[in-house]
Amino acid sequence: CLDFTNTLVWRLRPHPSEFLTDYPALIAWSRHAGSLDDALAAHLLREADHRSHASEENVERAIALREAIYRIFVATIEGTSPDDADLAVLNGVLDTGMARARLAPAPGGFAWGWAAETDLDRPLWAVARSAAELLISDELARVHRCPGDGCGWLFLDTTRNGSRRWCETAGCGNRARVRAHYQRKTAQR
């Protein structure tokens, strides 16, 4: 779910970059995240071709879900209560998806799966379940927002001492170090 919130790149800049531009982009993200296999992704894309208006509406729902999840986690990070409307968006998708959730045998036990239904909003079910599970978990306190200039990405700090500061050390962390070094050198001159 946190990776899903990060499909809006440079969120805090005047002109962020949107990854979820259309239904194929949503399917591509879902395949990359591992929530859809190739066969189901191909089937959903064929279905979306026949129902273009519904697939466009689904992208709008995906963006609304992403933004609601983002605001819920930011409110939690800031120690405030999330907006009821945001919780309603998350719960709406969660209701739909969990009604179709199934237990399936897996190596060493069982795993969550989904009914064989191929609704166009299927990619959103795993995202909503992931958000709900993280929100009720002990790991919630380890969710942080990157302070990088214009970034705002959410990430789960899995370091032992909880000291991770940046979404990516090689990205925002490196830019911050370079900027600080430049400012120190400029001040010395």
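Please name all residue pairs, on different chains or six or more residues apart, with Cβ atoms under 7 Å, provided the first residue is in segment 68-90 and is under 14 Å from Cys1 (Cα atoms) and in contact (Cβ under 8 Å) with a residue 40 or more places away in the chain and the second residue is outside any helix (DSSP H, G or I) and open to solvent by less than 50 Å² (accessible area, probe 1.4 Å).
Correct list of pairs: Ile69/Cys1; Tyr70/Leu154; Ile72/Pro82; Phe73/Val143; Phe73/Leu154.
Out of segment 1-53, which residues are among the hydroxyl-bearing types (Ser, Thr, Tyr) and outside any strand (DSSP E or B)?
Thr5, Thr7, Thr21, Tyr23, Ser30, Ser35, Ser52
Determine which single condition Asp22 fails, assuming it passes every other condition in (1) open to solvent by 40 Å² or more (accessible area, probe 1.4 Å); (2) farther than 16 Å from Asp121 by Cα; (3) in contact with a helix residue (DSSP H, G or I) (Cβ under 8 Å, 6 or more places away or on another chain); (4) modelled with pLDDT of 95 or more.
The failed condition is (2).
Considering only segment 118-174, state which residues are among the aromatic types (Phe, Trp, Tyr) and open to solvent by less than 50 Å² (accessible area, probe 1.4 Å).
Answer for segment 118-174, where residues must be among the aromatic types (Phe, Trp, Tyr) and open to solvent by less than 50 Å² (accessible area, probe 1.4 Å): Trp125, Phe155, Trp166.
Would you be able to say whether some residue in segment 25-42 is open to solvent by less than 60 Å² (accessible area, probe 1.4 Å) and over 19 Å from the mean Cα position of the chain (by Cα)?
Yes, because at least one residue in segment 25-42 is open to solvent by less than 60 Å² (accessible area, probe 1.4 Å) and over 19 Å from the mean Cα position of the chain (by Cα).
Is there a residue being loosely packed, with under 15 Cβ neighbours inside 10 Å, within 14 Å of the chain's Cα centre (by Cα) and over 17 Å from Trp125 (Cα atoms) anywhere in segment 6-17?
For segment 6-17, residues loosely packed, with under 15 Cβ neighbours inside 10 Å, within 14 Å of the chain's Cα centre (by Cα) and over 17 Å from Trp125 (Cα atoms): present.
Taking segment 175-189 as the search range and keeping residues that are open to solvent by less than 80 Å² (accessible area, probe 1.4 Å) and either acidic (Asp, Glu) or farther than 27 Å from Ile69 by Cβ (or both), which one is modelled with the lowest pLDDT?
Residue satisfying both the conditions and the ranking: Ala180.
In segment 78-100, which residue that is among the small types (Gly, Ala, Ser) and closer than 27 Å to Ala141 by Cα is surrounded by the fewest Cβ atoms within 10 Å (Cβ to Cβ)?
Gly79
Rundown of residues vs (1) closer than 22 Å to Ala116 by Cα; (2) of a type outside the set (Lys, Arg); (3) free of Cβ contacts under 8 Å to residues at least 24 places away in the same chain, yes/no style:
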| position | (1), (2), (3) |
| --- | --- |
| Leu8 | no, yes, no |
| Ala28 | yes, yes, yes |
| Leu36 | yes, yes, no |
| His43 | yes, yes, no |
| Glu47 | yes, yes, no |
| His50 | yes, yes, yes |
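Looking at segment 107-117, which of its residues are at pLDDT 90 or above and open to solvent by less than 40 Å² (accessible area, probe 1.4 Å)? Please lay out each step first, then the result.
As a first pass, look at segment 107-117 and keep what is at pLDDT 90 or above: 107-110.
Listed by number, the list holds a single entry, Gly109.
For residues in segment 66-116 being among the basic types (Lys, Arg) and closer than 16 Å to Arg145 by Cβ, which is nearest to the chain's Cα centre (by Cα)?
So the residue we want is Arg66.
Quick one: Glu47 ticks every box in (1) within 17 Å of Ser130 (Cα to Cα); (2) surrounded by 15 or more Cβ atoms within 10 Å (Cβ to Cβ) except a single one, so which number is it?
(1)
Of everything in segment 56-77 that's among the basic types (Lys, Arg) and closer than 26 Å to Leu44 by Cα, which residue is surrounded by the fewest Cβ atoms within 10 Å (Cβ to Cβ)?
In this case the residue turns out to be Arg61.
The values are calculated or read from the model by the stated rules, or taken from the named source; none is laboratory data. This one's a predicted model, so the numbers in the text were calculated from it and none came from an experiment. When we count neighbours, we look across all protein chains shown, and the Cβ atoms used for this are built from the backbone with ideal geometry, even at glycine. Note: areas computed on protein heavy atoms with side chains; ligands, DNA, RNA excluded. Shrake-Rupley method; radii C 1.70, N 1.55, O 1.52, S 1.80 Å.
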